[in-house]
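To start, the structure under review is shown below, and the notes come after it.
The values are calculated or read from the model by the stated rules, or taken from the named source; none is laboratory data. Values in this document were obtained by computation on a predicted structure and should not be read as measured data. In this analysis, Cβ positions are derived from the backbone assuming ideal geometry, glycine residues included, and neighbour counts consider all displayed protein chains.
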Amino acid sequence: MIDSGKTSPTGEFEIKATNKEEKLYRIKFEKGQNLLLALQSGDDANIIGNWNSLEDYTVSGSKSSSTLKGFLNNLKQNITDINTLQFILDSLKGKPEKDSLFKAAETDLRNVNTDFMTYIKKFADTTQSVASALFAVNMINVTYEKPYVTTFYQTITKRFPQSTFAKLFADRFLGTSKPAISSTENPTTGSPAPDFSGNSPDGKKITLSDFKGSYVLVDFWASWCGPCRNENPNVVAAYNQFKNKKLVIIGISLDSNKDKWTEAIAKDNLTWNHISELKGWGCSIARDYKVESIPQNFLIDPQGNIIAQNLKGENLINKLTEIIK
């Protein structure tokens with residue numbers, strides 16, 4: 001928390017921060033709403049918005065924040081397109097007479113996903129905002145895009161030589177510096193999993209330690225996260241294969257809207273345990289697990305220790321096959 005304030009009767013507010021270099025800031029409002037700004041020294045960001053459609057805000061007085069807002073607008077449109085095509089695919093499944101339409105929709109979805117990833121990479125590689133570049137690259141699934149992400153972090157410090165944050169992220173990814181925090185604070189493979197509790201959509205309390213004796217996959221995701229929604233079918237397939245063999249999944253959602261969260265659970269057929277504080281990136285569980293991008297997961301053994309992280313696609317099935325007999 002850097003600063004806080006209350007709105008005037010006309011809805012105006014003012015908050016301040018002091019920084020030496022550009023950083024990403026999240027302004028959090030009541031009811032779980034928030035917006036992102038990329039601010040550097042000297043910026044005087046002026047935000048105009050409507051509470052009932054906060055995502056349509058405008059920002060001036062901060063070039064990097066305007067750039068970031070444009071990126072977020074494009075993300076929103078791409079995610080809408082992906083969700084629409086996925087809905088069409090779901091409606092055509094199991095209808096032989098619609099096979100040609102199903103294949104066409106599959107092709108369209110692949111093309112949209114490819115264009116989506118290309119756009120994120122191009123933005124991360126060309127933006128003059130270091131905070132926005134780091135934000136964008138953290139949306140990319142390293143499991144599938146490791147060569148690109150590696151190259152990004154190898155060059156980011158040359159693009160932004162004065163940024164200590166660019167160096168921090170690059171050193172951490174490339175393994176060129178020692179961890180700044182101990183393993184007890186930063187969950188790693190082989191360390192005990194931090195315990196947590198939270199409420200399910202129907203208000204039931206779910207606690208990690210209650211599932212000792214089973215393998216638990218703690219899966220961080222959100223309804224608004226396109227890569228998460230694309231990965232969900234793989235998690236569903238793994239759960240269906242191992243749910244009768246002591247596998248438990250706890251989904252931790254970084255949503256802030258309950259209706260969108262529960263709609264995504266139903267639409268993606270996620271029939272396991274779910275928790276959300278409905279605080280978006282303000283989720284305390286995500287903070288405890290040092291989650292900075294999603295989708296991300298942690299596989300925990302029956303004794304409560306983390307034995308694997310970030311298992312995606314076939315890697316998830318292969319790991320579960322290896323350890324669950």
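A few comments on the model shown:
- Residues in segment 9-26 that are part of a strand (DSSP E or B) and surrounded by 15 or more Cβ atoms within 10 Å (Cβ to Cβ): 23, 24, 25.
- Some residue of segment 69-81 being out of contact with any helix residue (DSSP H, G or I) (no Cβ under 6 Å at 6 or more places or on another chain), modelled with pLDDT under 80 and of a type in the set (Gly, Ala, Ser): no
- When we screen 118, 127 for residues that are over 19 Å from the mean Cα position of the chain (by Cα), at pLDDT 90 or above, under 22 Å from residue 65 (Cα atoms) and among the β-branched types (Val, Ile, Thr), the only hit is 127.
- Restricted to strands (runs of 3 or more DSSP E) entirely inside segment 195-253, no element has at least 1 residues that are at pLDDT below 90 and either among the charged types (D, E, K, R) or closer than 30 Å to residue 72 by Cβ (or both).
- Which listed residue is at positive phi, in a loop (DSSP other than H, G, I, E, B) and hydrophobic (A, V, I, L, M, F, W, C), from 278, 311, 270: 278
- Tally of residues being crowded, with 19+ Cβ neighbours inside 10 Å and part of a loop (DSSP other than H, G, I, E, B) across segment 142-171: 2
- Residue in segment 118-141 that is among the aromatic types (Phe, Trp, Tyr), surrounded by 16 or more Cβ atoms within 10 Å (Cβ to Cβ) and either without any contact (Cβ under 8 Å) to a residue 24 or more places away in the chain or in a helix (DSSP H, G or I) (or both) present: yes
- There is no residue in segment 58-75 that is touching a Gly at 6+ places or on another chain (Cβ under 7 Å) and closer than 24 Å to residue 115 by Cα.
- Filter result for the condition that a residue is buried (at least 16 other Cβ atoms within 10 Å of the Cβ) and at pLDDT below 90, over 294, 265: 294
- Selection of first residues in segment 241-255 that are of a type in the set (A, V, I, L, M) and of second residues that are part of a loop (DSSP other than H, G, I, E, B), restricted to Cβ pairs under 6 Å at least 6 apart or on distinct chains, gives the following pairs, ordered by first then second residue: 248/214; 249/272; 254/222; 254/283.
- Looking across 72, 68, one residue alone is surrounded by 17 or more Cβ atoms within 10 Å (Cβ to Cβ) and either within 25 Å of residue 257 (Cβ to Cβ) or in contact (Cβ under 8 Å) with a residue 40 or more places away in the chain (or both). It is 68.
- Inter-residue pairs, beta-carbon under 7 Å, first closer than 15 Å to residue 278 by Cα and in contact (Cβ under 8 Å) with a residue 40 or more places away in the chain and in segment 22-38, second of a type in the set (Lys, Arg) and assigned to a strand (DSSP E or B), 6+ apart: 34/26; 34/28
- Failed criterion for residue 98 (all others in (1) over 30 Å from residue 13 (Cα atoms); (2) under 24 Å from the mean Cα position of the chain (by Cα); (3) surrounded by 13 or more Cβ atoms within 10 Å (Cβ to Cβ); (4) not hydrophobic (A, V, I, L, M, F, W, C) hold): (2)
- Any hit, segment 47-63, residues being in contact with a Ser or Thr (Cβ under 8 Å, 6 or more places away or on another chain), of a type outside the set (A, V, I, L, M) and over 30 Å from residue 145 (Cα atoms): yes
- Condition met for residue 102 (in contact with a Leu (Cβ under 8 Å, 6 or more places away or on another chain) and either of a type in the set (A, V, I, L, M, F, W, C) or in a helix (DSSP H, G or I) (or both)): yes
- Residue satisfying all of: in segment 44-56; out of contact with any Phe, Trp or Tyr (no Cβ under 9 Å at 6 or more places or on another chain) and modelled with pLDDT under 90; farthest from residue 225 (Cα to Cα) among these: 52
- Restricting attention to segment 124-170, the residues that are more than 26 Å from residue 113 (Cβ to Cβ) and aliphatic (A, V, I, L, M) total 4.
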